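The next block holds one structure in the form of structure tokens; read it before the comments.
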Amino acid sequence: MTTNSWRQLLRPASWRGVPFEVVGDEVEFGRNVAIHEFVQRDKPQVEDLGRKTRKFRIDGWICAGAQNGFNPWPQRDALVAAVEQGGVGTLVHPFYGTLRGHITTMGVKQTSSELGGFISLSMDFVEAGEVEFRADVVDDTGGTVLAAADDSYEALADEFSMAFSVEDLPGFVLADAVDMVDQFLGVLAQWRRPESLAAQVAELNLASIGIYSQPLALAQQVMTIMRDVAQPQAFHEFLRPQTPNIPTRGRAAQRTNSVAFTHLVQSASLIRAAELSVDFASSSNRFAADSTVLRSTPKLITYNEMQAQRSAITQAFTAELLDLSGLQMFPNTQQLLVALRTAAVQHMTSTGEHLARTFVTTCCDGTGWNGFMPTLVLAYRHYGVLSDDVINERNEIPNPLFVPPRAAIELLHEVTE
């Protein structure tokens, strides 16, 4: 074969945009299988595991010619650099089109210019697949709730600061503002004092008369305390006494301040309730799938209890949003509260699917030896463990040694996950 004849057989190709020419290739096609052979069976069972990875053995050339100024060496160096570059690359093949993958090996054989000036290439190419991730694995519903809560707190404080004012107003406006903060702290004292250092400092700051001339700081101190509250539902219906409806500038400001502070407390309590919903089930005492181990955690949370909490939060949010819709002072907060409500409901719904279900049964019929039954016996019969703490806690049994006859006892289903 003459030099011109074999050159006419070459076909253009490229790797990562660097051109070369192909004279031939070998490709492997097929499917991956697992062959299962069994005793006393003449034919095996063949399990199809999917298409086999396509591997190409490519024979290529870089020839000296007019396209490279009869100097193939810079083109060779560029191709070597492209092969050694990391990541998935694009191969343009004259017979199979555009392929994505990796060149794992490239052999280079060079000849002198006296023999025509060409470089022989031998490449091993392997196709690459797309990396896929399961969306549900990275779906952080709890993180979505907390992020929405932070946004809601920020918008609530900003819009409160634009509505609340005691500057250049009669003294009774400031006195009423002090009284509303005292009312808020009074409700707080009925439950417990703030435990975190930040909340304690915020409570001290509210005692300063200068805080009332800084509405944004006032709102931030209230929300710092609220984020430490474990029973936010105590503030869902926080109300101020009705302000006299007298058409003066001072009374109008007093009414505006009262409405703004009322909804500051109510909305902050709802945001706090949504925050707590993230941990509401993560510390639950769920019944293990093997029905032999009870996880010792502070409080048992079941599917039914989660549903009740979800309904309560939804109703509280809906009532507050209805009240805010008639005002002109919290437009951004309303939108963010809607988003927060949606995030909290989605989180509690997805989390609740993995919680224990309960059912009610009659402990004993009240006759003979079945007249009374210790809860420890009931726990062993149902759970297979000698621990009756969960039964006693859920049913508030006064004497665990004597369950009342025909008492309705709430128990957990054995398999919950």
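Rank the residues V88, V360, V222, V39 as a footprinting-exposure proxy: fewest other Cβ atoms within 10 Å of their Cβ go first. Walk me through the intermediate numbers first.
Values: V88 12, V360 9, V222 25, V39 4.
Placing the least packed residue first, the sequence is V39, V360, V88, V222.
Determine, for each peptide in 78-84, 264-270, 160-166, 103-109, the mean count of other beta carbons within 10 angstrom over its residues, then list the peptides with the highest first.
Peptide ranking by packing, descending: 264-270, 160-166, 78-84, 103-109.
For Q233 and V377 in the same chain, what is the full-extension length gain: residue separation times 0.36 nm, less their Cα-Cα distance, in nm?
Extra length from Q233 to V377 when fully extended: 48.0 nm.
Residue by residue through segment 17-22, what is 3J(HN,Hα) from phi via Karplus (6.51 cos²θ - 1.76 cosθ + 1.60, θ = phi - 60°)? Round to whole Hz and write x for glycine and proline.
Karplus values, whole Hz, x for Gly and Pro: x, 8, x, 7, 10, 10.
May I ask for the equivalent-ellipsoid semi-axes of segment 55-101, computed as the square root of five times each C-alpha gyration tensor eigenvalue and listed largest first in whole Å? Please report the intermediate quantities before stating the final value.
Working: eigenvalues 97, 43, 16 Å².
Rounded to whole Å, the semi-axes are 22, 15, 9.
So what's the gap between the Cα centers of segment 210-251 and segment 262-278, to the nearest angstrom?
If we compute the Cα centre of each part, the gap is 13 Å.
Mind listing the long-range amide H neighbours of S14? Cut-off is under 5 Å, sequence gap 5 or more, other chains count too, H placed in the peptide plane at 1.01 Å from N.
Sorted by chain and number, the residues that satisfy this are F20, V92.
Every number here is computed from the coordinates shown, using simple stated rules; none is lab data. Since the model is a prediction, treat every value here as computed from it, not as a measurement. Neighbour counts are summed over all protein chains in view; Cβ atoms, including those assigned to glycine, are modelled from backbone coordinates with ideal geometry.
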